[in-house]
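Novice: One structure, pasted below without further comment.
The values are calculated or read from the model by the stated rules, or taken from the named source; none is laboratory data. In this text the structure is predicted, and so the values were computed from the model without any measurement. Neighbour counts are summed over all protein chains in view; Cβ atoms, including those assigned to glycine, are modelled from backbone coordinates with ideal geometry. Quick note on the areas: whole protein, heavy atoms, side chains included, nothing else; ligands and nucleic acids left out. Shrake-Rupley method; radii C 1.70, N 1.55, O 1.52, S 1.80 Å.
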Amino acid sequence: MKLPVITFDQPAGVFYLTALPAEEVIRISKVDPRKMDLETMETGGGIQREPSSKRIREITEYADTVDAAFPTPILLALSSSDCLLGENTITVLRDKAADIVDGQHRVLGINHSSRFADLTLPVVLMLDATEEQKALVFATINGKQTKVPASLVYDLFGVTTGRSPQKTAHEIARAMNTENASPWHRRLKMLGKKTYAGSSETLSQGTFVKFLLPNISSKPDADMDLLKRKLPLPSRVECVFNSYFREEQDSVILKILMNVFQGAKQTWPKEWDEPESYILTKTLGFSGIMRALPKMVRAGKIHRDLSEEFFAGIFQQVKSSMDESERKLTSEYFSASGSGEAEFGRMIEAKIPTNGTQ
């Protein structure tokens, strides 16, 4: 297959830019992950990491969505003996001739999707690159990337026009941060950092949404795609807020969360207002409460009581137990390594009513 190419020079060498149907990229390329020999304990093979089945699955699911887009080039390394160079053209002479330097998960994920035949991918070819050159390019591309803050990612869902679990979670976080009656009023770092030095913002929007989103949908990307296609959403009974979302009752989700955290604030007013000394409004305290949230909400639904008083009653019992054992909501008693939030969550779950009484 003769491909039109644009040639461009960079300090690392000459590159050739083209575009190929995804099935052609799959046909001419191969993945050669770097491995360790268990006998010699030495590494060898190609320069790629071992493919992640989770990442491949995520890309496959994304490739099948209505808005799938892959505008970033796949980088392939090719020997000049396996191709013919013409005037602004290149012809690859055999299958599996090119090593994937960058983009293996995209290629493997697209290959498993139902729409791979519909996709055209940008491709950059490098010829006769040494293993050292391929390794340096791979390490530079993947080692210098800066991950986009989760708070910014979720905030960008606010500019979308349609409904999605992600947008609902963002809008709820925004309402919790802006409404005067909210216990989190001006307490969330909406873009992942404080708006000014010395502010009372103790929790990032990214953390807030991370723990809220699974309670709305266990497959938010799939649900967003279904909504864009104007298809009905399946019931996700494992998510305590899913029925409210499907019925477009986002305000109910907001009200329940307001009641949960007003109950916590009412129970621990000093701890709530002194984040420099206590963990309650930091990631550790928040995530501990959110770990217990599904069981609290399910119990509230059974008892037909999702009021602030219902949640405060649970927290009051937790506080009483802590007072008896002389424990405080500080990092001295709750480890920030991950075990602290789990322990706090278990303490709350232990006080959730099961027989109609608290």
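Novice: For E309 and E343, what does the FRET efficiency come to when R0 = 35 Å and r is the distance between their Cβ atoms, rounded to the nearest 0.05?
Specialist: Taking R0 as 35 Å, the efficiency between E309 and E343 is 0.85.
Novice: Follow-up question, since we're still on this one. Please give the per residue accessible area of the chain, computed with a probe of 1.4 Å over protein heavy atoms only, in Å².
Specialist: Values: 18780 Å² over 358 residues.
That works out to 52 Å² for each residue.
Novice: If you project the alpha carbons of the range 271-336 onto the principal axes, what extent comes out on each, in Å, largest first?
Specialist: Answer, in whole Å and largest first: 37, 25, 20 Å.
Novice: Over the chain, with every protein chain in place, what whole percent of the accessible area is carbon and sulfur at 1.4 Å, could you tell me?
Specialist: Values: 9760 of 18780 Å².
Answer for the chain is 52 percent, counting heavy atoms of protein chains only.
Novice: Separate question: Only loop residues by DSSP count here, and only those with at most 12 other Cβ atoms within 10 Å; note down the GluC sites (Glu not before Pro) in the range 255-358 that meet that. Walk me through the numbers before you get to the answer.
Specialist: Values: sites: E271, E276, E308, E309, E324, E326, E332, E341, E343, E349; in loops: E276, E326, E332.
For GluC sites (Glu not before Pro) across the range 255-358 that sit outside H, G, I, E and B with at most 12 neighbouring Cβ atoms in 10 Å, the list reads E276, E326, E332.
Novice: If you plug each phi of the range 270-276 into the Karplus form 6.51 cos²θ - 1.76 cosθ + 1.60 with θ = phi - 60°, what whole-Hz ³J(HN,Hα) values come out, in order, with x for Gly and Pro?
Specialist: Each residue's phi maps through the Karplus curve to give 5, 5, 5, 8, 10, x, 5 Hz.
Novice: Right, something else. Show me, for the range 201-214, the HN-Hα J-couplings you get by feeding each phi into the Karplus relation (A = 6.51, B = -1.76, C = 1.60, θ = phi - 60°), rounded to Hz, glycine and proline as x.
Specialist: Rounded to whole hertz, the list is 6, 10, 9, 7, 4, x, 5, 4, 5, 3, 8, 7, 4, x.
Novice: Report Rg(Cα)/(2.2 N^0.38 Å) for the range 85-155, keeping two decimals.
Specialist: Details: Rg = 16.1 Å, N = 71, 2.2 N^0.38 = 11.1 Å.
In units of the 2.2 N^0.38 Å rule of thumb, it is 1.45.
Novice: If the convex hull of the alpha-carbon atoms of the range 206-356 is projected onto planes in all directions, what is the mean projected area in square nanometres? Don't skip to the answer; put the middle values down first.
Specialist: Numbers: hull surface 38.2 nm².
Its average projected convex-hull area is 9.6 nm².
Novice: OK, next. Within 10 Å of each candidate Cβ there may be at most 15 other Cβ atoms; applying that plus a DSSP loop requirement, which trypsin sites (Lys or Arg not before Pro) in the range 191-248 survive?
Specialist: On the way: sites: K193, K194, K210, K228, R229, K230, R236, R246; in loops: K193, K194, R229, K230, R236.
Loop-located and lightly packed - K193, K194, R229, K230.
Novice: Continuing with the same structure: For an R0 of 22 angstrom, estimate the FRET efficiency from the Cβ-Cβ distance between E247 and R298 and round to the nearest 0.05. Please report the intermediate quantities before stating the final value.
Specialist: Numbers: r = 18 Å, r/R0 = 0.80.
The pair E247/R298 has a calculated efficiency of 0.80.
Novice: Can you work out the FRET efficiency for the pair S218 and S80, with r the C-beta to C-beta distance and R0 = 56 Å, to the nearest 0.05? Present the calculation step by step, with values, prior to reporting the outcome.
Specialist: Values: r = 49 Å, r/R0 = 0.88.
It comes out at approximately 0.70.
Novice: Along the range 13-18, what does the Karplus equation 6.51 cos²θ - 1.76 cosθ + 1.60 (θ = phi - 60°) give for ³J(HN,Hα), rounded to whole Hz, x for Gly and Pro?
Specialist: Here the 3J(HN,Hα) series is x, 9, 10, 10, 9, 8 Hz.
Novice: Follow-up. Given the alpha-carbon gyration tensor of the range 129-194, what are the semi-axes of its equivalent ellipsoid in whole angstrom, ordered largest first, with each equal to the square root of 5 times an eigenvalue?
Specialist: Numbers: eigenvalues 304, 42, 8 Å².
Over the Cα atoms of the range 129-194, the ellipsoid semi-axes are 39, 15, 6 Å.
Novice: Among DSSP beta bridges whose residues both lie in the chain, state the antiparallel percentage, nearest 5. Let's see the in-between values first.
Specialist: Numbers: 26 of 36 bridges.
So the antiparallel bridges in the chain amount to around 70 percent.
Novice: Once you have all Cα-Cα distances for the range 77-125, histogram them in 5 Å bins from zero and send the whole-percent values.
Specialist: Distribution as computed: 4, 16, 24, 23, 19, 10, 3, 0 percent.
Novice: I'd like the distance between the alpha-carbon centres of the range 235-305 and the range 142-200, rounded to an integer number of Å.
Specialist: That distance is 17 Å.
Novice: Rounded to two decimals, what is Rg over Rh for the range 155-282 when you use alpha-carbon atoms and the Kirkwood radius?
Specialist: Taking Rg over the Kirkwood Rh, I get 1.00.
Novice: Can you compute the modelled spin-label distance between I6 and K230, with each label point 7 Å from Cα toward Cβ, in nm?
Specialist: 3.7
Novice: When the C-alpha atoms of the chain are aligned to their principal axes, what extent does each axis show, in angstrom, from largest down?
Specialist: Its Cα atoms span 79, 49, 44 Å along the three principal axes.
Novice: Longest segment of the chain with no chymotrypsin sites (Phe, Trp or Tyr not before Pro) in a DSSP loop having at most 15 other Cβ atoms within 10 Å? If you can, show how the numbers build up before the last one.
Specialist: Working: sites that count: Y196, Y333.
The longest uninterrupted stretch comes out as 1-195.
Novice: Which trypsin sites (Lys or Arg not before Pro) in the range 65-124 pass both tests, a DSSP loop state and at most 14 other beta-carbon atoms within 10 Å? Walk me through the intermediate numbers first.
Specialist: Numbers: sites: R94, K96, R106, R115; in loops: R94, K96, R115.
Within the range 65-124, the qualifying trypsin sites (Lys or Arg not before Pro) (loop, at most 14 other Cβ atoms within 10 Å) are R94, K96, R115.
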